[in-house]
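K.L.:
Dropping the structure in here first, questions after.
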Amino acid sequence: MALPLITLPLVELHLHIEGTLEPELIFDLAARNEVTLPWASLDELRAQYEFADLSSFLDLYYRNLDVVRQRVDFADLTRAYLKRAAAGGVRHAEIFFDPQAHTSRGIPLAIALGGVHDALANSVAEFGLSTKLIVTFLRDRPASEALEILQQILAGDVSIDGIGLDSAEVGYPPSLFIEVFSLARANGLHLVAHAGEEGPPAYVWEALDLLQVERVDHGIRSLEDDALVERLVADRIPLTVCPLSNVRLRVIDTLADHPLLGMLERGLLVTINSDDPAYFGGYVDDNVAALTAEFALDAAQLALLARNGIEASFLAAAEKAVLNAEVDVWLQSQSR
């Protein structure tokens with residue numbers, strides 16, 4: 001009798017909910033909200049998904065968001081991700097949400113944030129997937145705007161678990177956002193930031209020393225600075241790496257060139273994530289599958305990556321123990 005397939009339990013820590021907006025949902029929401037799209041078909045829209053760099057990706061990303069307008073739209077967007085993630089083995093996700101991507105186009109904060117929260121509130125019951133919500137601020141917009149939005153959220157009805165920093169990195173160092181992160185820290189929120197993707201290792205140092213982040217999102221350029229690598233290893237600072245994203249945004253030429261194995265060999269706490277999966281060719285399980293095929297990862301290496309995600313999460317110790325036990329079961333299943 002064949003044993004049932006046991007899926008490797010995954011934790012996703014670097015996922016922009018806006019980046020899960022699939023072409024099919026774009027057309028559905030456009031019809032719901034009577035938005036005229038510049039593309040006549042799904043194929044024509046999909047043809048736009050070849051990016052020269054981060055800027056070309058962001059242009060399409062923000063244009064597509066125009067169809068997301070009502071609270072139910074944000075809930076449907078979030079629920080679609082949760083359903084797909086659960087099918088791929090994700091057991092816990094810490095989801096990024098960009099309020100300024102919506103308030104800047106006239107969508108009230110309460111509608112956007114409330115819709116995401118509506119879906120997350122039912123995620124365990126509906127999909128068996130626990131979640132945390134991290135509000136991320138666009139570093140290419142004024143820090144004063146981020147501070148004002150954070151103050152609104154702290155005074156509002158929807159609780160969040162942390163804050164982050166994302167969008168165009170070069171020219172917008174973490175040091176611009178010290179006051180924002182200080183307020184978040186004073187209110188007990190977790191702290192993360194994108195650094196060392198396009199930006200230099202100096203941005204990672206700033207994120208650690210000035211913002212006091214607990215995780216660095218991306219961080220692959222940290223490898224250019226040996227002292228920084230030593231710091232990250234010694235302090236067990238997680239790097240939430242997004243391999244397919246790195247390739248699609250030309251940060252790395254091909255998946256074969258990805259430094260994942262070297263990062264693990266140097267003792268870095270690396271986790272695998274999907275970033276903006278609707279745009280970059282795959283969800284977190286797709287990233288794991290692509291890495292497995294490219295580097296012939298064995299069961300022990302895959303289990304290590306899964307455990308890294310669990311360790312790097314903001315789950316309580318007891319919750320981490322449950323997920324680690326699931327990894328044990330998966331690992332045992334691979335030796336039968």
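The values are calculated or read from the model by the stated rules, or taken from the named source; none is laboratory data. Everything numeric in this text was worked out from a predicted model, so none of it was measured. Cβ coordinates were reconstructed from backbone atoms using ideal geometry, including for glycine residues, and neighbour counts include every protein chain displayed.
K.L.:
Output the number of residues of segment 37-95 satisfying the condition of being of a type outside the set (A, V, I, L, M, F, W, C), over 15 Å from residue 279 (Cβ atoms), part of a helix (DSSP H, G or I) and touching a residue at least 24 places away in the same chain (Cβ under 8 Å).
P.N.:
If we filter segment 37-95 for residues that are of a type outside the set (A, V, I, L, M, F, W, C), which is where we start, we get 38, 41, 43-44, 46, 48-50, 53, 55-56, 59, 61-64, 66, 69-71, 73, 76, 78-79, 81, 83-84, 88-89, 91-92, 94.
Next, only the ones that are over 15 Å from residue 279 (Cβ atoms) stay: 38, 41, 43-44, 66, 69-71, 73, 76, 78-79, 83, 88-89, 91-92, 94.
Still in the running and part of a helix (DSSP H, G or I): 43-44, 66, 71, 73, 76, 78-79, 83.
Now narrow it down to the ones that are touching a residue at least 24 places away in the same chain (Cβ under 8 Å): 66, 71, 73, 76, 78-79, 83.
Number satisfying all stated conditions: 7.
K.L.:
Also, I was wondering about something else. Output yes when any residue across segment 20-35 is β-branched (Val, Ile, Thr), over 30 Å from residue 318 (Cβ atoms) and within 21 Å of the chain's Cα centre (by Cα), and no when none is.
P.N.:
yes
K.L.:
Let me ask another. Restricting to segment 156-171, give me the number of residues that are in contact with a Gly (Cβ under 8 Å, 6 or more places away or on another chain) and either closer than 17 Å to residue 145 by Cα or crowded, with 21+ Cβ neighbours inside 10 Å (or both).
P.N.:
1
K.L.:
Further, regarding this structure: Select, from 257, 275, the only residue that is acidic (Asp, Glu) and surrounded by 23 or more Cβ atoms within 10 Å (Cβ to Cβ).
P.N.:
275
K.L.:
Pick out the one residue from 328, 286 that is in a helix (DSSP H, G or I), of a type in the set (Asp, Glu) and without any contact (Cβ under 8 Å) to a residue 12 or more places away in the chain.
P.N.:
Details: 286 fails: without any contact (Cβ under 8 Å) to a residue 12 or more places away in the chain.
Only one candidate qualifies: 328.
K.L.:
Let me ask you something else. For residue 246, only one of the following conditions fails: (1) of a type in the set (S, T, N, Q); (2) buried (at least 22 other Cβ atoms within 10 Å of the Cβ); (3) more than 16 Å from the chain's Cα centre (by Cα). What is its number?
P.N.:
(3)
Residue by residue, here is whether (1) of a type outside the set (Lys, Arg); (2) surrounded by fewer than 19 Cβ atoms within 10 Å (Cβ to Cβ); (3) within 20 Å of the chain's Cα centre (by Cα) holds:
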site: 46; (1), (2), (3): no, yes, no
site: 71; (1), (2), (3): no, yes, no
site: 79; (1), (2), (3): no, no, yes
site: 86; (1), (2), (3): yes, yes, yes
site: 106; (1), (2), (3): yes, yes, no
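K.L.:
If you check residue 243 against the conditions, is it touching a residue at least 60 places away in the same chain (Cβ under 8 Å) and not hydroxyl-bearing (Ser, Thr, Tyr)?
P.N.:
Numbers: touching a residue at least 60 places away in the same chain (Cβ under 8 Å): no; not hydroxyl-bearing (Ser, Thr, Tyr): yes.
Taking the combined requirement at face value, the residue does not satisfy it.
K.L.:
Return the pair list, or none, for Cβ contacts closer than 7 Å from residues in segment 123-139 that are closer than 14 Å to residue 81 by Cα and hydrophobic (A, V, I, L, M, F, W, C) to residues that are at pLDDT 95 or above and in a strand (DSSP E or B), at least 6 apart or on different chains.
P.N.:
So the pair list comes out as 124/130; 129/90; 129/91; 129/92; 129/93; 133/95; 133/97.
K.L.:
Another one. Assess whether residue 13 counts as being assigned to a strand (DSSP E or B), surrounded by 21 or more Cβ atoms within 10 Å (Cβ to Cβ), under 25 Å from the mean Cα position of the chain (by Cα) and at pLDDT 85 or above.
P.N.:
Numbers: assigned to a strand (DSSP E or B): yes; surrounded by 21 or more Cβ atoms within 10 Å (Cβ to Cβ): yes; under 25 Å from the mean Cα position of the chain (by Cα): yes; at pLDDT 85 or above: yes.
Against the criterion (assigned to a strand (DSSP E or B), surrounded by 21 or more Cβ atoms within 10 Å (Cβ to Cβ), under 25 Å from the mean Cα position of the chain (by Cα) and at pLDDT 85 or above), residue 13 qualifies.
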